[in-house]
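Shown next, in structure tokens, is the structure this report addresses.
What follows is calculated from the coordinates using simple rules that are stated; it is not laboratory data. Bear in mind the structure is a predicted one, so any value in this text is a computation, not a measurement. Backbone-built Cβ (ideal geometry, glycine too); neighbour counts: all protein chains shown.
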Amino acid sequence: MIRRYWLLTATAALCLPRVVSAEEPVLLNADQISFQLSRTKSLLKHTTIDLPTVTFIGATDKLTASAKRQLDELARALGGDEQARTFAILAGPAPSGPNGIAERRADAVRDYLVRHRGVSAARFTSADPAQRAPVVGVSLVLGP
């Protein structure tokens, strides 16, 4: 009898689909990012696009593999941006990280986009100190 319950439990565990946590960030593809870029072109103020999947290893400025995939999609979307808008990068700080880690993380994202994905360095501006950094991931602040 115990064997039957064990077999039923094991079968149910294997057959149930994996439940994705609501807290797990979703990787945006280039089309989704392009849509966000295109719908903000007519605005005359700064607009923020959040990329929560751009994460870092521990309390460092080293990009994770999923972050690099997200930045690859971002570079593809920026390649089709005919107006070549400029933007600033805001990175979330590490909860127990060293001072200045948010700036180093933003620099790591910029360096990856410039060196590995061919995005022009002229497209980057410095972030406004009044802008709030995201809690998780990275935010792009698009200029008008």
Three principal axis lengths of segment 45-144 [C-alpha, angstrom, descending]: 40, 30, 19
Could you calculate the contour length gain from Asp128 to Arg104, that is, 0.36 nm times the residue separation minus the distance between their Cα atoms, to one decimal place in nm? 7.1 nm
Any chance you could run the full-extension gain for Val114 through Thr60? It's 0.36 nm times the residue separation minus the Cα-Cα distance, nm to one decimal. 17.5 nm
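What order do you get for 99-105, 25-31 when each peptide is scored by the mean count of other beta carbon atoms within 10 Å, highest first? Could the numbers behind the result be given before it?
Working: 99-105: 16.6, 25-31: 14.6.
Per-residue mean Cβ counts within 10 Å order the peptides as 99-105, 25-31.
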Segment Arg76-Ala94, extension gain: residue separation times 0.36 nm, minus the distance between their alpha carbons: 3.7 nm
